[in-house]
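Have a look at the structure below, then the notes.
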Amino acid sequence: MSRRRLRCDRGVVTLEAAILFPMLLLFVFLFILLMRIVIVEVLIQKAATETVHQMAGILYPFESTLTRAGQMLDQVKPEQLEWIPTSVRQWLGDMESWSELPEEQLGRLAAAGLKPIVWTHIPEHLQGTLIHYDQLHIRAVRMPYITDHDKFFAVELQYELPISLPFYQRTIMIVKQADERVWFGL
């Protein structure tokens, strides 16, 4: 009798393992996927926040120039440019010819110029592993005194996060926005 009972108990344990193990494995995969989504969302939000913070601080010395948006680098002393990162300096230099452009084209140019700046705010060890450059897009840029009369610098980022599970392949769009007031003088 005990031998038959022992064999029956082994069958129950095997059946329970066969049912619970796939469910446990699915739960672990979903948990890892959720953590990946949360980490990417936090990184994209941090990159947007750091970018607008940096740009708002850099735009302060260009207050009078931004109102005219045409002769910017002619009026700025070279020692004022030394503390500005090279990628941002190139972007500001390209703004000389932007004043005559339509607002839609101006937004596309600003987005293209800002993407390398945003990318510098993604930690290096995650660039190309968790976050990929070609999946990061700048949806909108709002600049003070150029695209509107608001005193805020704002950026809206979109990241295409591919989700790959067995029998399930989708792309999640993560959209994050940040803005910061540019504190121009009186």
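Annotations
- Filter result for Glu63 (over 30 Å from the mean Cα position of the chain (by Cα), part of a helix (DSSP H, G or I), of a type in the set (D, E, K, R) and at pLDDT below 80): no
- Failed condition for Lys176, given (1) among the basic types (Lys, Arg); (2) farther than 30 Å from Leu34 by Cβ; (3) modelled with pLDDT of 90 or more: (2)
- Complete set of residues in segment 25-53 that are of a type in the set (Val, Ile, Thr) and in contact with a helix residue (DSSP H, G or I) (Cβ under 8 Å, 6 or more places away or on another chain): Thr51
The values are calculated or read from the model by the stated rules, or taken from the named source; none is laboratory data. Small disclaimer: the values here were computed from a predicted structure and weren't measured. Every residue, glycine as well, gets a Cβ built from its backbone with ideal geometry; the counts of neighbours run over all protein chains shown.
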